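So the structure is just underneath, and the comments pick up after that.
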Amino acid sequence: MKKLLVMLLCVLPIMGMGQRNKQQVEQPHPRNVIFIVGDGMGTAQVYSSIVSQRGNNSAFLRFPFTGFSRTYSHNKYTTDSGAGGTALMTGQKVENHHIAKRPDGSEPSSFLVDAKFFFGKAAGFVVTSSVLDATPASTYAHVTNRKLFDSISLQMSRCPFEVMIGGDKNHFLPQNREDGLSPLDTLRARGYDMVFTPSQMALTHSRKLCALLSDDNPDKAMERGRMLTLGSLKAIETLNQYDNGFVLMIEGSQIDWACHNNDSLYLTAEMADFEDMLNAVLDFAERDGNTLVVVTADHETGGLTLLKGDIEQGVNRYSWATGGHSGVMVPVFAYGPGAERFSGVHQNTDFYGLFMELMSGKVVK
């Protein structure tokens, strides 16, 4: 019901269907929306990166508006990435381990799918995990268990996005599947340029791109190069060819994995990689002038605390409380048209409605 009301709020003004006793107020609205998720990235992870970047050099300091997001799931104080990603992408809280499948069995669609349907936007995602992992899957799939990779890959092969970049070629090959099917063939038949290396990705000029850049999960930041930044720039280049603008989800997936391992060196490298991508995205948004960039996390991982450090030397002292997720609020950063709407304390389900309303260009007061 909540999602239906959001749709009516966003779409009826576009269709010219006025509402009695309500004033439809024009507002600046973004042509493009780039939603960036640091999986497992809490406030301590962000501040550790600011320190590592020697304070004033951090990309996080380029965002003029900040806030917080509450991350609990439908049934747990502490969310997992399935429920966390679903809340961010669809505006609905679900049970842990579910992907866009509510307790009543209904299947909410993501803002990427709905932005295509209602506003004609091109859409895509870039991740440093498997393209079937929880956060990317929450943009296109509907399953009761995030580990149902055969089902998720079939759903991805049929989803409407123009760009999909990440890892895990193996799950798309028939010899590795219980059903013996080949989602790669489905993607090729639908006109996607299938590429499997960063150099192939750099050379393609296709308007429909699926890049599976590793056989399994991508390497850690120290070994994979600038996959996240280059993938994000390729996605922007590809999606920006479409007349009605685009929506793009980018995830720094392995921040979470570093924190599960309580590995400070791994985390430092992933956050530096994330900063590199943020600077590239913000540079585009500044040049474009009509792109909204929002950054948050699905949850915090590791219960990270920073006890001591040296800002001039870029050194942190890390202390970990857990190898799992925590339930604390996570930060929100925003830049571009409508960025002020992301200040304050939000539910993780608020992003869907805010994006849809801002893309509509109207707010009812």
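The values are calculated or read from the model by the stated rules, or taken from the named source; none is laboratory data. What you see is a predicted model, and the numbers here were worked out from it, not measured in a lab. Don't worry about glycine lacking a Cβ; one is built from the backbone with ideal geometry, like all the others, and counts go over all protein chains shown. For the accessible areas, the whole protein counts, side chains as well, though only heavy atoms, and no ligand, DNA or RNA atoms are used. Shrake-Rupley method; radii C 1.70, N 1.55, O 1.52, S 1.80 Å.
Consider a paramagnetic label point 7 Å from the Cα of residue 322 along Cα→Cβ; state which residues of region 66-90 have an amide N under 13 Å from it.
Correct set: 71-73, 76-81.
Using the Karplus curve 6.51 cos²θ - 1.76 cosθ + 1.60 with θ = phi - 60°, what ³J(HN,Hα) values do you get for each residue of region 61-75, in whole Hz, with x for Gly and Pro?
3J(HN,Hα) across region 61-75, in whole Hz: 7, 7, 8, x, 10, 9, x, 9, 10, 8, 10, 4, 9, 4, 10.
Relative contact order for the chain: what is it in percent, counting Cα pairs under 8 Å that are at least 6 residues apart?
Normalised by residue count, the contact order of the chain is 33 percent.
Give me the extension gain from residue 197 to residue 173: residue separation times 0.36 nm, minus the current Cα-Cα distance, reported in nm with one decimal.
Gain on extension, residue 197 to residue 173, equals 7.0 nm.
Expressed as a rounded percentage, what relative contact order does region 121-211 have, with Cα pairs under 8 Å and six or more residues apart?
Taking the mean separation of contacting Cα pairs over the length of region 121-211, I get 28 percent.
Taking amide H positions as placed in the peptide plane 1.01 Å from N, state which residues far from residue 324 in sequence (5 or more) or on other chains have amide H under 5 Å from it.
The list, which skips near neighbours in sequence, is 302.
So which of 147/169; 101/208; 93/121; 169/220 end up more than 20 Å apart, counting from Cα to Cα?
From 147/169; 101/208; 93/121; 169/220, over 20 Å: 101/208; 93/121.
Between residue 205 and residue 290, what is 0.36 nm times their sequence separation minus the Cα-Cα distance? Round to one decimal in nm.
Stretched out fully, the residue 205 to residue 290 stretch lengthens by 28.2 nm.
Give me the distance between the Cα centres of region 59-79 and region 249-316, rounded to whole Å.
Between the Cα centre of region 59-79 and that of region 249-316, the gap is 13 Å.
Under the classification rounded if a/c is under 1.5, otherwise prolate if a/b is larger than b/c and oblate if not, where does region 131-178 fall, given a ≥ b ≥ c as square roots of the Cα gyration tensor eigenvalues?
The shape class here is oblate.
What distance in nm separates the two pseudo spin-label positions at residue 237 and residue 77, each 7 Å out from Cα along the beta-carbon direction?
Here the answer is 4.8 nm between the modelled labels.
So what J values fall out for region 258-265 if you push phi through Karplus, 6.51 cos²θ - 1.76 cosθ + 1.60 with θ = phi - 60°, rounded to Hz, Gly and Pro as x?
4, 6, 4, 7, 6, 9, 5, 5
Could you do me a favour and compute the accessible area per residue for the chain, 1.4 Å probe, result in Å²?
39
Can you list the residues, at least 5 places off or on another chain, whose amide H is less than 5 Å from the amide H of residue 209, using H built in the peptide plane?
Residues meeting the criterion, in which the H sits 1.01 Å from N, are 163, 164, 193.
Residue 130's amide H: which non-local residues (gap 5+, or another chain) put their own amide H closer than 5 Å, with H modeled 1.01 Å from N in plane and none for Pro or chain starts?
167
Hey, got a sec? Which chymotrypsin sites (Phe, Trp or Tyr not before Pro) in region 30-92 land in a DSSP loop and have at most 12 other Cβ atoms within 10 Å?
Of the chymotrypsin sites (Phe, Trp or Tyr not before Pro), the ones in loops of region 30-92 whose Cβ has at most 12 other Cβ atoms within 10 Å are 77.
Which percent of the accessible area of the chain is formed by carbon and sulfur heavy atoms (probe 1.4 angstrom)?
51
Counting GluC sites (Glu not before Pro) as exposed when in a DSSP loop with at most 14 other beta carbons within 10 Å, what is the longest stretch of the chain free of them?
Counting only loop sites that pass the neighbour cut-off, the longest clear stretch is 1-177.
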